[in-house]
């Protein structure tokens with residue numbers, strides 16, 4: 001009942017904000033290259049979507065390119081992050097040795113090296129995937145290491161008391177214990193992967209929503225840019241809610257409120 | 001009649017009174033620059049098969065260290081620990097351990113937690129599942145087998161962990177202050193339950209506790225330890241009939257044992 005009321009209130013607020021936007025654009029005669037009217041945005045969105053998916057001037061094609069980059073980069077980057085986190089957790093000495101490298105590289109804003117990566121790897125999809133990998137790798141690695149480090153030693157003792165093998169200790173106690181932490185890293189990574197794709201495409205690409213934004217900006221087609229923003233938000237929401245659904249299934253044993261606390265967005 | 005039967009039975013099976021034999025056991029913890037810390041000093045004792053031994057001592061006297069050594073979770077510095085004729089060199093499958101907290105894995109249901117030893121030891125899962133249901137019945141958790149641990153009270157969680165420790169049918173059950181975290185009422189109830197479970201299962205039990213009444217109520221023998229470095233001060237036999245009811249606490253034998261342990265504690269400065 002309450003959540004239903006809140007939803008209506010949110011929708012009402014949206015309507016008010018949209019009305020204010022449209023009203024002030026008309027009232028103050030704001031030029032459309034600064035702030036487009038709602039109708040311009042809607043028209044741009046319609047024109048972008050009402051084409052064949054492979055049409056190179058349509059939203060579908062560019063969205064597809066960006067989405068592929070995001071998914072490849074996210075899975076590769078966070079996959080390597082989890083794998084390295086697991087490896088490091090099995091060998092505490094390795095962790096001690098590589099810790100300063102991780103700290104040093106993590107403090108570098110990855111966005112800063114984007115131009116170099118584009119120069120090395122070209123305007124194709126691989127440079128964007130690499131950038132997203134770099135952005136998603138660190139949060140997942142750091143949270144994985146933290147997850148494996150904070151495991152309750154009693155759980156390991158329990159498995160040891162049953163003469164469990166190293167692999168059994170890992171599979172039955174360590175990994176499930178670390179999963180809530182890993183998921184908090186994946187949530188950060190999902191948000192970063194969208195940022196990485198757009199920044200990479202800004203620096204240099206042949207296709208993608210970032211390229212589309214740059215083109216529209218050059219043509220002062222602000223309405224078009226806004227339409228791309230809507231598509232980008234939709235992709236972001238879809239990613240986050242898919243991840244949240246997976247998390248809800250995997251971490252079903254956690255009390256609902258604590259599972260939600262772990263969803264971080266950036 | 002019963003006596004004759006038991007005599008024949010024990011003759012045939014020769015129940016060993018040194019089923020567990022600990023000789024000259026010492027444990028030193030290396031604390032790096034702080035030097036070495038002697039935790040256990042020259043412990044000698046034997047425990048008969050099927051008996052219930054409780055160990056009391058002041059906090060920090062090395063009771064848990066002793067239990068972890070017998071469980072094979074911790075190595076020792078000197079002496080020997082022999083279970084059922086075999087020296088302890090690591091964890092072994094004829095031992096079940098119940099820890100201070102229940103350590104149920106929160107992502108597993110109660111039955112999945114109870115089945116953990118079967119998975120780890122690679123037992124036949126179908127038979128294990130049947131046995132798990134029997135054990136869940138024995139610890140009176142019927143109907144809770146598909147609940148998650150957090151949906152159960154502390155006492156119920158600890159009962160589930162006892163069922164888990166018994167799943168692979170170990171001959172020896174080691175319990176490290178299993179009821180320390182429970183409230184007094186639940187604790188008394190659990191003591192009664194444990195006595196029943198022990199009588200039904202016929203295991204050899206070593207239970208660590210810092211509660212003198214708990215030690216006397218449950219034990220055939222109470223091992224009294226000194227403060228650090230922990231040594232075995234006295235073994236006190238408790239000649240009270242089984243099954244014992246809570247009212248046994250008013251029995252002269254009970255109060256005398258309690259008095260004796262307190263006096264020992266005063267002598268060794270355990271109360272300081």
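Of the two radii for chain A, the radius of gyration is 1.07 times the Kirkwood radius, both from the alpha carbons; that is the Rg over Rh value. Helices in the protein assembly as shown, meaning DSSP H runs of at least 4 residues, each add -39500 (n - 2.57). Divided by all residues, the mean residue ellipticity at 222 nm is -18500 deg cm²/dmol. When both bridge partners sit in the protein assembly as shown, DSSP labels roughly 50% of those beta bridges antiparallel.
Please report the antiparallel percentage of DSSP beta bridges with both residues in region B:156-249, rounded to the nearest 5. Counting only bridges with both partners in region B:156-249, antiparallel ones make up about 50 percent. For the protein assembly as shown, the share of alpha carbon pairs falling in successive 20 Å distance bins from zero is 17, 37, 24, 16, 6, 0 percent. For region A:132-261, the relative contact order works out to 26 percent when only alpha carbon pairs closer than 8 Å and six or more residues apart are counted. Taking only the C-alpha atoms of region B:95-192, Rg followed by Dmax gives 12.5, 39 Å. Here region B:152-193 is scanned for amide nitrogen atoms under 16 Å from the site 7 Å beyond the Cα of residue B:134 along Cα-to-Cβ, giving B:163-171. The reciprocal of the average 1/r between distinct C-alpha atoms defines the Kirkwood hydrodynamic radius, which for chain B equals 19.6 Å. Pair-distance distribution of region A:87-238: all C-alpha pairs, bin width 5 Å, starting at 0; shares per bin in whole percent are 2, 9, 14, 15, 15, 12, 10, 8, 6, 5, 3, 1, 1, 0.
Suppose R0 equals 41 Å. What FRET efficiency, 1/(1 + (r/R0)^6) with r the Cβ-Cβ distance, do residue B:80 and residue B:121 give to the nearest 0.05? It comes out at approximately 0.95. Relative to the dominant Cα principal axis of chain A, helix A:222-250 is inclined by about 30°. Comparing B:89, B:147, B:171 in a Gaussian network model of chain B (Cα springs below 10 Å), the most mobile by mean-square fluctuation is B:147.
Compared with the dominant principal axis of the Cα atoms in chain A, helix A:59-90 is inclined by about 20°. The spread of Cα positions in region A:112-166, taken along each principal axis and listed from longest to shortest, comes to 56, 20, 12 Å.
A Förster distance of 60 Å, applied to the separation of the beta-carbon atoms of residue B:89 and residue B:263, puts the FRET efficiency at 0.95. Each Cα pair under 8 Å and six or more residues apart adds its separation to the average, and for region A:31-172 the resulting relative contact order is 27 percent.
What percent do you get for the relative contact order of chain B when only Cα pairs under 8 Å and 6+ apart count?
In percent, rounded to a whole number, it is 24.
Radius of gyration (Cα atoms) of region A:15-127, expressed as a multiple of 2.2 N^0.38 Å: 1.71. For region B:42-122, the direction-averaged projected area of the alpha-carbon convex hull comes to 7.2 nm². Between the helical axis of A:92-107 and the longest alpha-carbon principal axis of chain A there is an angle of about 20 degrees. Distance distribution P(r), region A:70-171, all Cα-Cα pairs, bin width 5 angstrom from 0: 2, 12, 17, 19, 16, 12, 8, 6, 4, 2, 1, 0 percent.
Each value in this text was obtained by applying a stated rule to the coordinates, not by laboratory testing. Note that this is a predicted model, so its numbers are computed, not measured. Ideal geometry is used to build each Cβ from the backbone, glycine not excepted, and the neighbour counts take in all protein chains shown.
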